[in-house]
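Take a look at the structure below.
The values are calculated or read from the model by the stated rules, or taken from the named source; none is laboratory data. The structure displayed is predicted, hence computed values, not measured ones. Reconstructed Cβ throughout: ideal geometry from the backbone, glycine too, with neighbour counts over all protein chains shown.
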C-alpha cells in the first residue's frame, strides 16, 4: 500500500472515531509513519485530505448499495432489509461503537465547513434517491401503501437508519437499530387481512414474562443483564423469523435463543475473566436442563385435553400459584389441583418410554 492510500485509510478511521477537529496532521503522520513533506506531496492540506476521505467513503458505499438498488429480482421490502443489514453489520463489527462515519462527520462539520456540508449533503441526496426508487417500486408492485409520498418515505427511512445508529452507539445495543427499522418498514407496508391478525412480533411478546423469569434465573438475579438478554432474544427471533416452523413450539424456540445468548455472553466474558460462568452453569450444554423443551414433550403437552393443558401450562411453565390459576380460569382451587394431577399422570404415562 502506498503512502497516499495509507494516509487515507488512517484518516478515515481517525476522523470516524475521534472527529476531524481532534485529529491533527501530526497524529496522522505518526500513525502512518510518513514525513510531513510526503504528506504535503499528496495533499495540500488537512481539509483536502478530509475531502478525499469523504469521496473514498462515498465510493465504498456506492459499491455496496448500488447492486441492491439495481437488482431487478428483489422485492422492495427485501431491498430495504438488505440495506438495513449493511448498517447492522457495521454496528456489529464495531460492537456498537463509532457509528456512521458520514453521520459523525456531518454532525461535526456541516456548520463549520461549507465544502464538507455540500459534499455530504449531495451524497445523502444520492442515498435518499436510491431509497425513493425502492419505495416507488413497492408502491407500483402493491407491496407498499398507495398513499405514500415516496420522497418523504425515503427521508424517513434514511433518517431512521442514521439516527438509530447513533442511538445504538450511545446505548451500546444493537436492538434500537434492529427494532426501530422494523417499525419504520412496517409503516410502509400495505395493510392486508393477515396484518390485522396477530403478528409474529406480537406473538413473541406474549412470552415476555416467561422469558424474563428464565433470563433472570440464568443471569443469577442481574436484572439489567437479564433485560438485555431478553431484548437480544427478540432481535434474533425477528431476524430469523423465516427459520421458525409454524405449528411448532414458539416458546421453546425462544427459550433456546435466550439460552444461547446467555451462553455466548459468558463465553465473551471469558476473555476478560478466568471464571466468568455463574456457579452451576455449564456452557457445554446447548440448553440448561430445566429449560430444555424437547419435541416429544411439546407434542405430548399439545395433545392433552384443553382443560388439563391450560392448567398444566400455567402451573408448570409459568409458575402460577394455584389460586391465581383458579381465579383466571374461574374454577375452584380443588379443580385446579385435580386437573394438574391428571395432566401430569397422562404425560408421565405417555413419555415414560422416551425418558427410559
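The residues of segment 6-22 that are over 20 Å from residue 90 (Cβ atoms) and at pLDDT below 85, listed by number, are 21, 22. Residue pairs whose Cβ atoms lie under 9 Å apart, separated by 6 or more positions or on different chains, with the first residue in segment 202-218 and in the same structural domain as residue 257 (by TED's automatic domain parsing) and outside any helix (DSSP H, G or I) and the second surrounded by 14 or more Cβ atoms within 10 Å (Cβ to Cβ) and modelled with pLDDT of 80 or more, are 206/250; 206/251; 207/250; 207/251; 207/254; 207/255.
What about residue 189, is it under 30 Å from residue 125 (Cα atoms), surrounded by fewer than 17 Cβ atoms within 10 Å (Cβ to Cβ) and either touching a strand residue (DSSP E or B) at 6+ places or on another chain (Cβ under 7 Å) or not assigned by TED's automatic domain parsing to the domain that holds residue 84 (or both)? Yes, satisfied. Of the helices (runs of 4 or more DSSP H) contained entirely in segment 1-99, not one carries at least 1 residues that are more than 30 Å from residue 176 (Cα to Cα), outside the structural domain of residue 136 (by TED's automatic domain parsing) and touching a residue at least 40 places away in the same chain (Cβ under 8 Å). Of all residues in segment 227-250, those that are farther than 24 Å from residue 173 by Cβ have Cβ atoms under 9 Å from Cβ atoms of residues that are modelled with pLDDT under 80 and buried (at least 19 other Cβ atoms within 10 Å of the Cβ), 6 or more apart or on another chain, in 249/301. Return the residues of segment 75-90 that are crowded, with 17+ Cβ neighbours inside 10 Å and within 17 Å of residue 142 (Cα to Cα); say none if nothing qualifies. The answer is 76, 77, 79, 80. Taking segment 243-266 as the range and being surrounded by fewer than 18 Cβ atoms within 10 Å (Cβ to Cβ) and outside any helix (DSSP H, G or I) as the test, the residues that pass are 244, 245, 246, 247, 248. Just one of (1) surrounded by fewer than 16 Cβ atoms within 10 Å (Cβ to Cβ); (2) in contact with a helix residue (DSSP H, G or I) (Cβ under 7 Å, 6 or more places away or on another chain) fails for residue 181. It is (1).
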